[in-house]
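Structure first, commentary second.
Each reported figure results from applying straightforward, stated rules to the coordinates on display, with no laboratory input. This structure is a prediction, so every number in the text was calculated from the model and none was measured. Please note: Cβ atoms are built from the backbone with ideal geometry, for glycine as well, and neighbour counts cover all protein chains shown.
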Amino acid sequence: MVCLLSCDNDRGARNPYLQEIGFRFDMNLNLPLYSPLTNLGNAVFIDTPGVGIKGIFVIKSNFDQYRAFEASCPNHVPNDCSTMELDGQIVTCPCDGYEYYLFTGQQKDTPDDGNRYYNLLEYQATISGNVVVITN
């Protein structure tokens with residue numbers, strides 16, 4: 001009986017709008033392009049083809065920790081307006097104006113209209129020396 005009660009048809013937080021693709025991207029922090037990531041709270045946008053769906057945002061979230069998020073708005077199927085825009089530690093979806101925190105990936109001011117909204121799709125970020133490796 002306990003086994004039956006613990007089963008659930010809910011697929012969890014799987015985002016139906018964004019396909020999860022496999023990739024690996026190495027960021028050498030010695031390169032000028034990534035120099036903002038040497039300071040806590042700074043973020044960069046990476047739009048290299050094959051890295052994420054519409055690119056990724058990477059932020060230095062702690063002394064030796066980085067977080068990486070998909071740049072395509074999590075509440076839309078990827079389209080012409082779904083690449084989010086970076087403003088400090090917040091990214092904004094130009095389609096609807098929704099904002100998301102890069103430190104947590106959570107949506108800022110989620111509407112209370114009964115619809116389901118998704119947070120940013122996060123990728124794994126690990127550091128090895130001066131290289132941050134982003135994978136999915």
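What to note about this one:
- The label-point distance for Asn62 and Ile90, in a model that sets each label 7 Å from Cα toward Cβ, rounds to 2.5 nm.
- Summing Lys and Arg as +1 and Asp and Glu as -1 over all other residues whose Cβ lies under 12 Å from the Cβ of Ile127 gives a net charge of 0.
- For the pair segment 102-122 / segment 28-65, the C-alpha centres are spaced 21 Å from each other.
- With contacts taken as Cα pairs under 8 Å at a separation of at least 6 residues, the chain carries a relative contact order of 25 percent.
- Neighbour-limited loop hits for chymotrypsin sites (Phe, Trp or Tyr not before Pro), segment 31-114 (at most 11 other Cβ within 10 Å; DSSP other than H, G, I, E, B): Phe63
- From largest to smallest, the equivalent ellipsoid semi-axes obtained for the chain from the alpha-carbon gyration tensor read 27, 19, 14 Å.
- The fewest-to-most ranking of Glu99, Glu20 by surrounding Cβ atoms within 10 Å reads Glu20, Glu99.
- Neighbourhood charge, 15 Å Cβ-Cβ cut-off, centred on Phe69 and excluding it, Lys, Arg +1 and Asp, Glu -1: -3
- Relative contact order for segment 94-136, counting Cα pairs under 8 Å that sit 6 or more residues apart, in percent: 25 percent
- A simple count of charges around Thr38, restricted to other residues whose Cβ falls under 13 Å of its Cβ and scoring Lys, Arg +1 and Asp, Glu -1, yields 0.
- Space enclosed by the convex hull of the alpha-carbon atoms of segment 60-136, per residue, Å³: 104 Å³
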